[in-house]
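First comes the structure, then the notes that go with it.
The values are calculated or read from the model by the stated rules, or taken from the named source; none is laboratory data. Everything numeric here is computed off the predicted structure, so don't read it as measured data. Note that each Cβ is placed from the backbone with ideal geometry, even for glycine, and that neighbours are counted across all protein chains shown. The accessibility values were calculated without ligands, DNA or RNA, using every heavy atom of the protein model including side chains. Shrake-Rupley method; radii C 1.70, N 1.55, O 1.52, S 1.80 Å.
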Amino acid sequence: MGKKSKGKGNTQAGRESNVSLSVKVDKARMKINGGVFVYSGDISVTELSKALNVPVNDIIKYLFMQGKMITINTILDDELIGMVCLEFGYDFQRKNLVEAENFEALEINDDPSKLKPRPPVVTIMGHVDHGKTTLIDAIRNSNLVDSEYGGISQEIGAYQKEINGQKITFIDTPGHEAFTQMRARGASVTDIVVLVVAADDGVMEQTKEAIDHAHAANVPIIVAINKMDKEGANPKMVREELLTNDVILEEYGGDVISVEVSAKKKDNIDGLLEAILTVAEMLELKANPDRYALGTVLEATLDKNEGPKATLLIQNGTLNAGDYLVVGNSYGKVRRMSNEYREVLETAGPSTPVSVIGLTEVPLAGDRFMAFPTEAEAKEIASKRKENSTTRNKNLKSSVTSLEDLYSKINEGETQILNLIIKADTTGSAEAVKQSLEKLSNDQVKINIIRASSGGITENDVLLASASNAIIYGFNVRPDAVTRSKAEEEHVEIRLHKIIYALIEEIEAAMKGMLKPEYVEKINGQAEVRKLFKASKLGTIGGCMVIDGTILNHSLMRLIRDGVVIYEGKIESLQREKDAAKEVRKGFECGILLENYNDIKEGDIIESYSMVEKRSDE
Ligand code: GDP
């Protein structure tokens with residue numbers, strides 16, 4: 001047992017908390033970066049000695065003292081590298097491309113010296129009709145009247161607002177559905193929730209829901225008490241109601257700021273913006289603009305002319321035109337990047353929402369993205385992610401690969417899983433088809449939608465389908481020729497529909513076939529054992545006469561002695577004269593060998609039977 005290395009604590013803990021991704025290409029496998037030894041691949045003692053500038057002998061000696069015998073050429077594992085680094089005053093970090101594929105899970109530990117303040121990202125929530133949309137408009141248009149953007153319709157679902165020289169990013173889709181949908185997909189994009197409460201209405205059902213969502217996500221709330229211009233406005237009532245709903249405002253000794261506004265009259269919008277900046281300052285929101293970008297897809301569509309188009313929120317790093325992106329499981333290039341006013345951007349930093357074209361597929365809202373300097377890196381990571389997601393899907397153990405196939409596959413499992421990929425002309429119809437189909441699931445057949453998105457059917461879909469035994473459904477979209485031949489090659493079934501109910505009917509019909517059938521026993525025939533033959537290798541063969549029906553080879557059987565079933569199993573082989581026979585009919589002699597059973601006697605009856613499906617009429 002070696003002593004614990006001194007200094008920065010437990011090697012293992014250090015390693016885990018340091019799983020970080022150095023996204024910028026680092027050609028060298030090893031480098032010292034701000035006191036951290038960053039490495040990848042195999043490292044020998046000699047190499048480590050050079051990199052750390054520590055004599056080889058010191059390393060060998062130190063490890064020897066720790067009970068680790070190594071030579072100059074030993075390839076060090078992570079534990080040994082960690083021990084040596086800590087001993088000689090370095091932190092350590094394995095830079096591993098393989099880890100990058102799981103970028104959702106990755107915590108990016110940036111060098112603190114590189115972190116710079118970033119704008120807060122704000123989502124507006126509240127009860128219906130309390131003025132969310134009006135407030136979003138009021139914020140967007142405040143101070144804009146004279147500016148060059150006044151009156152230009154905004155293109156993307158998020159925008160930035162500048163006040164006192166500081167920016168605030170607003171996500172434009174109000175309501176907590178979008179917020180929770182994102183969260184459900186593991187994306188947290190919001191730093192601050194502005195909770196709109198109408199001063200004349202007070203805390204209502206969706207106000208409470210919004211509070212719950214914000215609390216669950218651990219996101220601070222700022223309350224905008226709206227409609228202050230209205231006659232019945234009663235901000236005191238609102239404050240008290242909030243108190244009873246776990247939102248404790250400053251006035252009551254809590255830390256939640258409230259701001260009285262009128263979205264309609266654009267009163268005190270600046271006050272609200274300033275409050276946002278105050279909270280943001282307390283949150284000390286920071287990011288490292290000096291790395292390749294990563295963030296979340298806010299929304300995406302398939303543009304007829306430009307192809308897949310996505311609104312991305314950059315959450316860390318800087319995205320430049322020309323960068324390569326991995327989004328979901330596919331990769332692409334930032335061919336064009338623009339802001340909410342369609343202005344083309346060359347570069348965009350943390351907390352900026354941008355519209356990007358150049359992706360190969362339409363991603364889903366909530367998908368994470370990561371940027372890379374080279375196509376090779378992006379490609380490698382995308383393909384690793386694909387592998388991972390396909391193994392994930394494979395784990396669902398579906399064996400159904402074609403609708404016709406369903407019925408014959410029923411016997412194999414308990415609950416049948418029908419994996420489907422849905423591609424539709426719009427995200428909306430993909431979602432609609434998905435929801436209608438998921439409702440068809442019952443105890444016996446589980447419909448598992450592994451992808452539902454907008455856009456044509458691509459090779460990628462075929463690969464995913466192939467790997468996860470899925471059927472592809474196209475709704476108002478078609479595969480191109482290349483995809484078609486790929487599908488043939490991979491034996492992937494593609495079904496195309498134009499009407500939702502036709503698609504649903506088809507699956508329902510197939511599911512009827514998939515319903516677990518009842519089995520009934522069908523007796524094939526009986527044979528009487530007349531003579532026994534002992535074959536040393538095979539066991540005891542019964543020389544039989546078929547006395548009724550037909551004996552089928554490899555069928556199920558039961559052995560009956562004096563009217564009592566003494567064994568149930570399978571016929572291992574059936575011989576007629578000297579040849580193997582598929583079946584032997586009544587009146588003929590045959591030899592029967594039972595599977596794993598030799599204790600047959602003269603006079604026994606061997607009954608051959610099968611289980612056949614009986615479809616219930618329900
Ligand atoms: P949302 O459902 O929360 O997005 O609410 P809307 O923004 O659509 O507003 C609902 C109604 O309240 C609309 O008729 C708005 O004109 C009105 N409204 C919104 N804000 C104010 C306000 O500050 N004062 C008054 N008097 N009416 C408002």
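Packing, taken as the mean count of other beta carbons within 10 Å per residue, orders the peptides 281-293, 432-444 from highest to lowest as 281-293, 432-444. Between GLU346 and ASP129, take the C-beta separation as r, use R0 = 41 Å, and let me know the FRET efficiency to the nearest 0.05. The pair GLU346/ASP129 has a calculated efficiency of 0.45. In this simple spin-label approximation, SER573 and ASN164 carry label points 7 Å from Cα along the Cα→Cβ vector, and these lie 9.1 nm apart. In plain terms, the chain from ASP42 to LYS379 could stretch by 119.0 nm, reckoned as 0.36 nm per residue minus the Cα-Cα distance.
In the context of the full set of protein chains, residues of region 291-344 present 36 Å² of accessible surface per residue (probe radius 1.4 Å, heavy atoms only). Counting heavy atoms of the protein chains alone, GLU343 has an accessible area of about 60 Å² for a 1.4 Å probe. Note on surface exposure: GLU231, GLU162 rank GLU231, GLU162 by accessible area, highest first, 1.4 Å probe.
The ellipsoid that matches the Cα gyration tensor of region 485-588 has semi-axes, each √(5λ) in whole angstrom, of 46, 19, 12, with the longest given first.
Stretching the chain fully between ASN73 and GLU488 yields a gain of 144.3 nm (0.36 nm per residue, less the alpha carbon separation). Sites listed here are GluC sites (Glu not before Pro) in region 500-585 whose DSSP assignment is loop and whose Cβ has at most 15 other Cβ atoms within 10 Å: GLU577. Its relative contact order, with pairs defined as Cα atoms under 8 Å and 6+ residues apart, puts region 242-295 at 15 percent.
Could you tell me what percent of the accessible area of region 183-246 is made up of carbon and sulfur, with a 1.4 Å probe and every protein chain present?
42
Overall form of region 550-610: prolate. Here a/c, set by the Cα gyration tensor axes a ≥ b ≥ c, is 1.5 or more, and a/b is the larger of a/b and b/c.
Here the calculated FRET efficiency for HIS215 and ILE500, from their Cβ-Cβ distance with R0 = 35 Å, stands at 0.40, rounded to the nearest 0.05.
When only the Cβ of Lys, Arg, Asp and Glu is charged (+1, +1, -1, -1), the dipole of region 496-583 relative to its Cα centre reaches about 480 debye.
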